[in-house]
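Inspection log for the structure reproduced underneath, given as structure tokens.
The values are calculated or read from the model by the stated rules, or taken from the named source; none is laboratory data. Source: prediction; values computed, not measured. Cβ sites come from the backbone with ideal geometry, for glycine too, and all protein chains shown count toward neighbours. Each accessible area value is taken on the protein alone, full model and side chains, heavy atoms only, with ligands, DNA and RNA left out. Shrake-Rupley method; radii C 1.70, N 1.55, O 1.52, S 1.80 Å.
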Amino acid sequence: MDEYSPYQTPHSAAPPALPQGPPPQSVKVFGILHLVLAGLGVIFALIGFFSTQFQSMIHSMNPDDPSIVVQRKYQEDLWPISVMTSMFYLGLAALLLVAGLKLVREKADGVMWSHRYAWTSIVTKVISLVVTVAYVLPLTNRLMGEVLGDTRGLPAGSSQTIMNVTKSFTTISSILTPIIACIYPALALYFLSRPAVKAWVIRASGR
């Protein structure tokens with residue numbers, strides 16, 4: 001049996017690794033929300049695409065109806081915007097899916113992917129707002145002017161009143177919709193940039 005020598009260098013043991021600890025609650029919460037919204041994004045993209053195709057099929061049943069002609073022209077002019085919107089939905093859904101899966105699995109880079117989604121989402125909302133104001137609203141107002149232009153059987157001035165109210169409602173809702181849609185990505189940016197989340201990312205990534 002070897003005897004202990006006072007001149008022998010003692011074996012140095014590595015200090016035990018500090019426990020990583022569970023992530024903040026916001027990590028799991030936004031992971032689940034990301035996955036839910038990713039599924040909704042895919043559904044909305046498919047609805048937007050197939051609804052346009054369905055409307056085109058309905059319009060083709062009455063090709064000589066003047067109101068149908070106007071609506072068909074509106075749908076044709078709006079088709080590039082519909083495609084762009086569907087692509088936005090699918091792209092954001094893909095980012096949400098990746099970020100959500102990583103956050104649910106407590107992967108540190110899920111926070112980075114969530115930030116990528118949030119900034120991309122805000123940029124797409126700004127683009128949508130600009131396109132809506134510059135292109136969609138004029139088309140919509142033109143459609144309403146042609147559809148509501150027939151004043152037969154209506155009291156004097158009522159058609160113009162209906163048109164003004166409809167245009168005002170359409171304008172306000174079209175502008176508010178992308179602004180309201182920025183709330184969720186802004187919340188994701190805020191809560192997933194809190195000090196507790198940053199500290200967890202550092203621990204989980206080993207930095």
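Structure values in brief
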| read-out | value |
| --- | --- |
| Charge context of PRO185, other residues only, Cβ under 15 angstrom, K/R +1, D/E -1 | +2 |
| Neighbour net charge for HIS115 - beta-carbon separation under 15 angstrom, K R +1, D E -1 | +4 |
| Ranked order, PHE30, PHE50, PHE169 - accessible area, probe 1.4 Å, largest first | PHE169, PHE50, PHE30 |
| Separation of alpha-carbon centers, the range 162-204 and the range 95-127, rounded to whole Å | 14 |
| Sequence of THR171, THR161 when ordered by accessible area, the most exposed leading, probe 1.4 angstrom | THR161, THR171 |
| Sites GLN25 and ILE81 - FRET efficiency at Förster radius 45 Å, r taken between beta-carbons, to 0.05 | 0.70 |
| Solvent-accessible surface (1.4 angstrom probe) belonging to LEU92, in square angstrom, nearest 10 | 20 |
| Extended-chain gain in nm, criterion 0.36 nm per residue less alpha-carbon gap, SER205 and LEU33 | 59.6 nm |
| Pair VAL126, PHE169: separation of 7 Å Cα→Cβ label points (nm) | 3.2 |
